[in-house]
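Asker: Structure incoming, see below.
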Amino acid sequence: MTPLILDPTTTALIVIDLQRGIVARPAAPHSASEVVERCAKLAETFRREKAVVILVHVAFSDDEGDRLKPAADSAPPSGPMPSDWSEIVPEIGPHPGDIVIVKRQWGAFYGTGLELQLRRRGVRTIVFGGIATNFGVESTARDAYERGFEQIFVEDAMSGLTAGAHEFAVTTIFPRIGRVRSTGDVLAAIKAR
């Protein structure tokens, strides 16, 4: 395993979908509360080191006209979401200086200003955490890979809807497009500069 070196001036933490409606659901293999706690530690350290912190959450218009609705065998629940469903959990932020991205689908690049925000700040490396590993995180990571970003996946700062889904992404997909590390590894690397 290659040593992890992170330059805060060219690194961003992207936290995916740590919002009330998603963290309220069961997660595995790490509980949602564990993921929130670890992402909060990462965000606090990144802020202190003057690295970019980006909080991504999914939200829809009141009429849900911007929500994807193709026919699917296992479609998500339909109908209006609770009023606080898309609110970012307070343990994460946002804090002054954080960038907040609202997305309308699993991935955070399509139809948002995410790439523009990263490029204008000179970000070359993205560190990922959030829920769900194999939906929002993986979709965003695949797009980031195609855009040439270096990627670090914080295995214990993300979780799936099932342990198997999380494990598949972490052992099969992520090693092909970046590096998988722990919260401790990333905290040590961002502070070591």
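Bear in mind these aren't lab numbers, they're just calculated from the coordinates by the rules spelled out. Computed from a predicted model, the values in this text were never measured in an experiment. Neighbour counts run over all protein chains shown; Cβ positions are idealised from the backbone, glycine included.
Asker: What full-extension length gain, to one decimal in nm, is calculated for Ala24 and Met81 as 0.36 nm per residue of separation minus the Cα-Cα distance?
Answerer: Taking 0.36 nm per residue and subtracting the Cα distance, the gain is 19.2 nm.
Asker: Hey, what do the phi angles of segment 24-31 turn into as Karplus ³J(HN,Hα) couplings, whole Hz, using 6.51/-1.76/1.60 and θ = phi - 60°, x for Gly and Pro?
Answerer: Values per residue, Gly and Pro as x: 6, 8, x, 9, 8, x, 9, 5 Hz.
Asker: Arranged from highest to lowest average of other beta-carbon atoms within 10 Å per residue, in what order do the peptides 25-31, 36-42 appear?
Answerer: Most protected by this proxy first, the peptides run 36-42, 25-31.
Asker: List nothing, just return the count: lysine pairs in the chain, 8 or more apart or interchain, with Cα separation under 29 Å.
Answerer: 6
Asker: Okay, next question. What is the distance, in nm, between label points placed 7 Å from the Cα along the Cα-to-Cβ direction at Lys50 and at Glu91?
Answerer: My value for the distance between the label points is 3.0 nm.
Asker: Right, here's the next one. For segment 117-124, in order, what is each residue's ³J(HN,Hα) by Karplus, 6.51 cos²θ - 1.76 cosθ + 1.60 with θ = phi - 60°, in whole Hz (x at glycine and Pro)?
Answerer: The phi angles translate into 4, 5, 5, 5, 9, x, 6, 10 Hz.
Asker: Where does helix 32-48 land angle-wise versus the long Cα axis of the chain, in degrees 0 to 90, nearest 10?
Answerer: It is inclined by approximately 50 degrees.
Asker: With 18 Å as the cut-off, how large is the P(r) tail for segment 89-193, expressed as percent of Cα-Cα pairs?
Answerer: That tail contains 51 percent of the Cα-Cα pairs.
Asker: Check which residues have an amide H placed less than 5 Å from Lys103's amide H, if you skip close sequence neighbours.
Answerer: His57, Val58, Ala59
Asker: Evaluate the charge dipole of the chain about its Cα centre and quote only its size in Debye, nearest 20, assuming +1 on the Cβ of each Lys and Arg and -1 on the Cβ of each Asp and Glu.
Answerer: It works out to roughly 700 debye.
Asker: Under 5 Å between amide H atoms, partner at least 5 residues away or on a different chain: which partners does Asp156 have, H built in plane at 1.01 Å?
Answerer: Sorted by chain and number, the residues that satisfy this are Thr183.
Asker: In square nanometres and to one decimal, what's the mean projected area of the convex hull around the Cα atoms of segment 28-168?
Answerer: Orientation-averaged projected area of the Cα hull: 9.1 nm².
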